[in-house]
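Where a number appears in this text, it was derived from the coordinates with a stated rule and is not lab data. As the structure is a prediction and not an experimental result, all values here were calculated from the model. Positions of Cβ are generated from backbone atoms using ideal geometry, with glycine treated the same way; all protein chains shown enter the neighbour counts.
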Amino acid sequence: MSTREFAGVKARMAQELCGFSGSPKAFRERFTVANQGQYHRIYTAEDIRRIRMSMLSLPLDTVRAKTLPPILNFRMAKGGTGKTTISGNIASALAMMGHKVLMIDGDPQASLTSLFGIDWVSQNIVHIGELMRRAERKETVDIKGAVWPIYGGGMLDIIPADITLADADSWLMGTTNREFVFSRLLERNVDVFAEYDVIVVDSAPSTSLLTNTLMTACKRLLAVVVPEGPSTKALEILESNIQELNDAFGKQGLNLDFHVIVNRYNQTKKPHNDELAKLVSKYPSQLNDTIVRDFIGFVRQTDSFDEKNNGPVLEKEPNSVGARDVLDLTKSLIRMFDIKLADVNSLAPLASVGRAA
Ligand SMILES: Nc1ncnc2c1ncn2[C@@H]1O[C@H](COP(=O)(O)OP(=O)(O)O)[C@@H](O)[C@H]1O
Ligand SMILES: [Mg+2]
């Protein structure tokens, strides 16, 4: 079913992703993957998981507890701020650091689906809306059948979307407790979802019944803003959306929080600096320290002529400033959301990332 090929990263990057602080030679010697008598020059996400588990002294068959993993939902009440770019890149980085990741494309525009090379126009896709609808009608729900593999070994999977996801609000409207339809799907199929270390959800810009039901399943939303007036205005809209949900469902235990990620920052633009200063003073505790810079490589992620060439920067330009920002942001989200590697806190080896090589 997979439509694309991404072999993996070179030894130097693999070493950094593993947080191995010894010499490159020690890394190769200790973690050589036998490959016809040669050193394995390319490390897949699965290789990195195995290496990290060995560094953590975890048996390879260690499994997660049967509980839902952390859910990262990238939101903004405006298009073009980088929700898809950030969610796709974070998901890829988490997988390349050895976590098992499920992406859910929650946007009928299906740009996350395209970013990973799936041609949703010609493919038969069962999207998250369809899974939720079937579950609510007590029909059979085959979640595994809806999942497409992106990286081997179940390291990065996606439940893709297509334009028909735009229809979700029409049936959600008549559904009881519709704000919790997504949570119900997750909880009723915890066995499937618990196989992943983390779930990454991309969302549409609009405030809709679909975005609302996707939002309430996570504890803390990730608001992606560009440091520009229209984007910070949209953040106010998202804030009131969150407030309304908390007011309406607080009694049912909903207490949504949000965290702000600044994207496409260009330090040579004065308006960007002014807007960033405003964000810092308005959201002192919610703003992530890692600011993702404006980097043209993010635009090169999609090839308008051949979808098979699409892919996140970590795949296409792993040594770029864009990949650097993505990795820094990923590490901070691992801490914030307590994302684990097969149920073990993976922070200890991560602390040594950067000192490697
Ligand atoms: N940090 C960045 N630097 C440069 N271009 C970016 C950056 N982030 C996103 N882009 C570009 O901006 C456009 C919109 O990004 P996208 O992720 O599709 O936004 P959204 O999902 O919020 O609509 C895309 O062309 C993408 O390549
Ligand atoms: Mg998008």
Note: probe point = Cα of Ser122 + 7 Å toward Cβ; backbone nitrogen < 20 Å; residues of the range 300-330 passing the test are 302-311
Subtracting the Cα-Cα distance of Lys308 and Lys278 from 0.36 nm times their residue separation yields 6.8 nm
Low-density loop trypsin sites (Lys or Arg not before Pro), the range 142-222, at most 15 other Cβ within 10 Å, DSSP non-H/G/I/E/B, are Lys219
For the range 274-352, the Kirkwood Rh over every pair of distinct alpha carbons, in Å, works out to 14.9
note: the range 1-146, Cα-Cα separations exceeding 21 Å make up a percent value of 58
Bridge orientation stat for the range 71-345 from DSSP, antiparallel percent rounded to 5, came to 15
Subtracting the Cα-Cα distance of Lys270 and Asn345 from 0.36 nm times their residue separation yields 22.9 nm
Cross-link reach from Lys308 to lysines, straight Cα distance under 20 Å and at least 8 residues apart if same chain, gives Lys316
Debye calc, one equal point scatterer per Cα of the chain, no solvent, log10 I(q)/I(0) at q = 0.10, 0.11, 0.13, 0.14 1/Å comes to -0.60, -0.73, -1.03, -1.20
Honestly the range 214-357 on the Cα gyration tensor test (a ≥ b ≥ c root eigenvalues; a/c under 1.5 rounded, otherwise a/b vs b/c for prolate or oblate) is just oblate
The answer for the longest stretch of the chain without any exposed chymotrypsin sites (Phe, Trp or Tyr not before Pro) (DSSP loop, at most 12 further Cβ atoms within 10 Å) is 40-304
Relative contact order in percent for the chain (Cα pairs under 8 Å, 6+ apart) equals 26
